[in-house]
Amino acid sequence: MAEDRITDIGPPHYEQFLPPVIKANYGKWKYHEIPQPGVLKHVGESGDELYTVRCGAGRLLTTDYVREVCDIADKFCDGHVRWTSRNNIEFLTPKKENVEPLIAAIKAQGWPVGGTGHSVTSIVHTQGWIHCHTPAIDASGVVKAVMDDLFEYFGEHKLPAQVRISLACCLNMCGAVHCSDIAILGIHRTPPKIFHDKLRHVCEIPTTIASCPTGAIRPHPDKNIKSVVVNAERCMYCGNCYTMCPAMPLFDPEKGGVALLIGGKVSNAKHPPMFSRLGVPYLPNNPPRWPETCQAIRKILLAYANGANKWERVGEWITRIGWSRFFDICEIPFTFQHIDDYKWAYDTYNTSMHFKF
Amino acid sequence: MSDTPMLDQLETGPWPSFVKDLKRTAAKKPQVKDLLGQLERSYEEKITHWKHGGIVGVLGYGSGIIGRYSDLPDDFPGLEHFHTMRINQPSGWFYTTAALRMLCDIWDQYGSGVMNMHGSTGDIIFLGTTTDNLEPCFQALAQKGFDIGGSGSAMRSPSCCCGPSRCEWSCYDTMEACYDITQEFQFELHRPGFPYKFKFKFSGCPNDCVAAVARADCSVIGVWKDDIRIDAAAVKAYAGGELKPKGGGAHVDKLDIQKDVVDLCPTQCMSWDGNALKINNRECNHCMHCINLMPQALRPGTEKGATILLGSHAPILEGAQMSWVIVPFMEMEKPFDGLKELGANIMEWWTENGKNRERVGELILRLGMREFCLAVGLDPVPQSIKTPRCNPFFFWHPEDFEAEAEGKTYIKL
């Protein structure tokens, strides 16, 4: 192997990628404004100005797409661009006169401008059927369908506060969505099927047993059958056994689907960070546009927009009105699935007379 | 008739269409045509067609490449091997177009041209290449200054908000901290030796734009200790409606300082007499609400650093956790020695004691905060809890009796 092989250099230092106006004002920004949806104006102690135009994007894209981003950044931003923590693209320029032509160029590309302030910004999500081995649902397709449906909320500041939607295509949540205003979660609902004949040829039994986080897998009681059995009551459908053993698929095309978890946040403003809680336990897995999922999200979003006080996040609104009222307003029938019976369930039971009829 | 009638329905609508984008690339790259074909099959059958697995990687690393194989290789030969590469992103996800074009050229040469900007952990994700191409692609990237990110039971690529590069609220240099910590732990990032994954995320203020509290084992969140800086004239301009709340990002044009700011302060530490805003800073929880509403009038103080929180992870296995406070305030000046030392101590204790696939936050719950704090050299602090215990099952150790013999008491009388 070549001796000039390079390893362990880590990422390149960010400084080489910063626009000059950022280098000059690094750590010395004074305030910001949002002059219109999708546009940020940062002003330094020096009086320097930086304009950011935020452009919505999916996280799945191609080199062709990225080159188009580069073309726009070359033309209006001296070659400077960044991505946000929510897959948005941000074009950066100190030139105010570039803002309008930049927006026009982005829109001419068919890309949306927005995602600032009290909007629904881009949905962070996982891989789904494009590249993962355990998903219950697709990711990019559901996100595209939901953002098409909520498009009017991306480019305007008309909600009581910002609304952060996230998607994870199975409960392993490689995109941890457990603190989102609205979390879209792909769910399997049946234990893995076991193909005993195949299993003894393609799986190692001890590693398969060890892969189960709840200890639900044990050796097959019939010693002549070199396979395993699953205790269905302990299985929570994570698919970790399938990762180790392809003879144990847990996919059920008809029973798998979508759950919505509601009311989480990470910011500390007013209330401390909150977990998302189970809102809708099941919606059908219905490609290519998942209409039931889109309708349910729209219904919850509109109920929130209609009922929340100024500045209230979804979870703060629900905390104020109570979950029973939330279910009421959103016409969500209450089910056993809503009542926690996992590890810290007691923390979620109501031990007071504070409830509503 | 189209090969992908279901996916075609995602070409319409106002949000950017990944199907349109992939189709354009598919005209040049047969494996992307296969990718669309297999995805269409998943849409028809409502199941995935990827198999996990196989150990693939680049020389000397055990991390950063995820082996991926189609379970329909006969139908879609371009997907027989279609591995993922995680490329460690620069702090704050800033790029020049020259760097982006270079990344695109390399990925077009060695892979499918399909990517994520960015993956959940923060890396640039390259989706789809063959085993043979992994090492040459890695070395082509390394020649240009990019390295592979983390995966498996390793340190994952740390990530950060844009911090001081473009935010007036950042209480420390998130960009440099992220870069420096990533460099410090290169060995742990590339060579999995932990019980499970370990993530760092760096947010500059309690708004936590990178969701550090929910998505990082070690969450480093900026905070200030002194007084919120007030521009009294700007407060009046908000009261008068000349300045818009949230810089114009809200659904209303004018603030009611009493109702919108003072009454919603969680500690009730502010007052407004129609003329001047007063803050009892000692009682402030630094929640950011007032600052968020009036960015031209209020700013964090100048005695700044970070709070270190530990333990968050997604629901696997014990249920989702958020990180909790272990160090209320840490100075965050380069070279970040305090954080490096604490981080190394935490990883050492966890590696020694953690079970396979046990996150550090779960280990602490299993063994207790006392054992954790003693092992890594932290004192008990009230900021780390919401409430003290309500049960009488607290235990005493010989050290407690020794301390009492030396005069320790539990209330000053």
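The values are calculated or read from the model by the stated rules, or taken from the named source; none is laboratory data. Remember, predicted model here, so these are calculated numbers, not experimental data. Positions of Cβ are generated from backbone atoms using ideal geometry, with glycine treated the same way; all protein chains shown enter the neighbour counts.
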### Query
Given A:T134, A:T121, which one is out of contact with any strand residue (DSSP E or B) (no Cβ under 7 Å at 6 or more places or on another chain) and more than 9 Å from every other protein chain (Cβ to nearest Cβ)?
A:T121
### Task
Can you work out which of the residues in region A:237-247 that are under 24 Å from B:E318 (Cβ atoms) and out of contact with any Leu (no Cβ under 7 Å at 6 or more places or on another chain) is surrounded by the most Cβ atoms within 10 Å (Cβ to Cβ)?
A:C241
### Message
Please count how many residues of region A:214-270 are among the small types (G, A, S), within 14 Å of A:R200 (Cα to Cα) and within 14 Å of chain B (Cβ to nearest Cβ).
### Response
1
### Query
Of the residues A:A108, A:A176, which is at the interface with another protein chain (Cβ under 9 Å from one of its Cβ atoms) and without any contact (Cβ under 8 Å) to a residue 24 or more places away in the chain?
A:A176
### Task
May I ask you to say which residue of A:V228, A:V258 is crowded, with 22+ Cβ neighbours inside 10 Å and touching a residue at least 60 places away in the same chain (Cβ under 8 Å)?
A:V258
### Query
closer than 20 Å to B:R166 by Cβ and either among the small types (G, A, S) or not in a helix (DSSP H, G or I) (or both): does that describe B:T267?
no
### Query
Out of (1) within 22 Å of B:T48 (Cβ to Cβ); (2) out of contact with any Lys or Arg (no Cβ under 9 Å at 6 or more places or on another chain); (3) not small (G, A, S), the odd one out for A:C212 is which?
(2)
### Task
Please determine, by comparing only the residues of region A:57-78 that are modelled with pLDDT of 95 or more, within 7 Å of another protein chain (Cβ to nearest Cβ) and in a loop (DSSP other than H, G, I, E, B), which one is farthest from B:F126 (Cα to Cα).
A:A57
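Does B:T351 meet the test of being outside any loop (DSSP other than H, G, I, E, B), crowded, with 19+ Cβ neighbours inside 10 Å and of a type in the set (S, T, Y)?
no
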### Message
For the structure I just gave you, tell me whether B:T4 is farther than 21 Å from A:A145 by Cβ and of a type in the set (S, T, Y).
### Response
no
### Task
Looking only at region A:78-87, decide whether some residue is buried (at least 20 other Cβ atoms within 10 Å of the Cβ) and over 23 Å from the mean Cα position of the chain (by Cα).
yes
### Task
Select from region B:299-333 the residues that are at pLDDT 95 or above and not in a strand (DSSP E or B) and list them in ascending order.
B:P300, B:G301, B:T302, B:E303, B:G311, B:S312, B:M322, B:S323, B:E331, B:M332, B:E333
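Condition check ((1) more than 7 Å from chain A (Cβ to nearest Cβ); (2) in a loop (DSSP other than H, G, I, E, B)) across all residues:
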position	(1), (2)
B:Q139	no, no
B:G145	no, yes
B:G150	yes, yes
B:P164	no, no
### Query
With respect to the numbered conditions (1) more than 30 Å from A:L199 (Cα to Cα); (2) within 8 Å of chain B (Cβ to nearest Cβ), which one is the sole condition not fulfilled by A:V280?
(2)
### Query
Can you pull out the residues in region B:125-134 that are in contact (Cβ under 8 Å) with a residue 40 or more places away in the chain, more than 9 Å from every other protein chain (Cβ to nearest Cβ) and not in a loop (DSSP other than H, G, I, E, B)?
B:F126, B:T131, B:L134
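Quick check on my filter: what residues within region B:41-66 are among the small types (G, A, S) and either in contact (Cβ under 8 Å) with a residue 60 or more places away in the chain or more than 10 Å from chain A (Cβ to nearest Cβ) (or both)?
Across region B:41-66, the qualifying residues are B:G54, B:G57, B:G60, B:G62, B:S63, B:G64.
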#### Entry: Only listed residue being within 12 Å of chain A (Cβ to nearest Cβ), out of contact with any Pro (no Cβ under 9 Å at 6 or more places or on another chain) and at pLDDT 95 or above, chosen from B:D260, B:D227, B:D273, B:D256
B:D256
### Task
Could you list all residues from region B:206-217 that are within 10 Å of chain A (Cβ to nearest Cβ), of a type outside the set (A, V, I, L, M, F, W, C) and part of a loop (DSSP other than H, G, I, E, B)?
B:P206, B:N207, B:D208
### Task
Could you please give the count of residues in region B:276-298 that are in a helix (DSSP H, G or I) and without any contact (Cβ under 8 Å) to a residue 40 or more places away in the chain?
3
### Summary
Here the residues within region B:306-323 that are in contact with a strand residue (DSSP E or B) (Cβ under 6 Å, 6 or more places away or on another chain) and either more than 11 Å from every other protein chain (Cβ to nearest Cβ) or not hydrophobic (A, V, I, L, M, F, W, C) (or both) are B:A306, B:T307, B:I308, B:L310, B:G311, B:S312, B:H313, B:Q321, B:S323
### Query
With region B:1-50 as the region, which helices (runs of 4 or more DSSP H) entirely inside it contain at least 3 residues that are closer than 14 Å to A:D138 by Cα and out of contact with any Pro (no Cβ under 8 Å at 6 or more places or on another chain)?
B:30-45
#### Entry: Residue within region B:135-143 that is out of contact with any helix residue (DSSP H, G or I) (no Cβ under 9 Å at 6 or more places or on another chain) and farther than 18 Å from A:P12 by Cα present
yes
### Leading residue by the ranking (farthest from A:L199 (Cα to Cα)) among those in region A:225-271 that are in a loop (DSSP other than H, G, I, E, B) and of a type in the set (D, E, K, R)
A:K270
### Summary
When region B:334-348 is checked residue by residue, the ones that are buried (at least 18 other Cβ atoms within 10 Å of the Cβ), assigned to a helix (DSSP H, G or I) and of a type in the set (A, V, I, L, M, F, W, C) are B:L339, B:L342, B:I346, B:M347
### Task
Give the residues of region A:327-346 that are farther than 16 Å from A:Y282 by Cα and either touching a residue at least 40 places away in the same chain (Cβ under 8 Å) or part of a loop (DSSP other than H, G, I, E, B) (or both), sorted by residue number.
A:D341, A:Y342, A:K343, A:W344
### Query
What's the number of the condition B:S120 fails, among (1) crowded, with 20+ Cβ neighbours inside 10 Å; (2) modelled with pLDDT of 95 or more?
(2)
### Message
Looking at the structure I just gave you, is B:V220 modelled with pLDDT of 95 or more, under 30 Å from B:L363 (Cβ atoms), among the β-branched types (V, I, T) and assigned to a loop (DSSP other than H, G, I, E, B)?
### Response
no
### Message
Which pairs turn up if I take residues in region B:78-99 that are touching a residue at least 24 places away in the same chain (Cβ under 8 Å) and at the interface with another protein chain (Cβ under 7 Å from one of its Cβ atoms) and look for partners that are among the aliphatic types (A, V, I, L, M) and part of a loop (DSSP other than H, G, I, E, B) with beta carbon separation below 8 Å, at least 6 apart in sequence or on another chain?
### Response
B:F94/A:L18
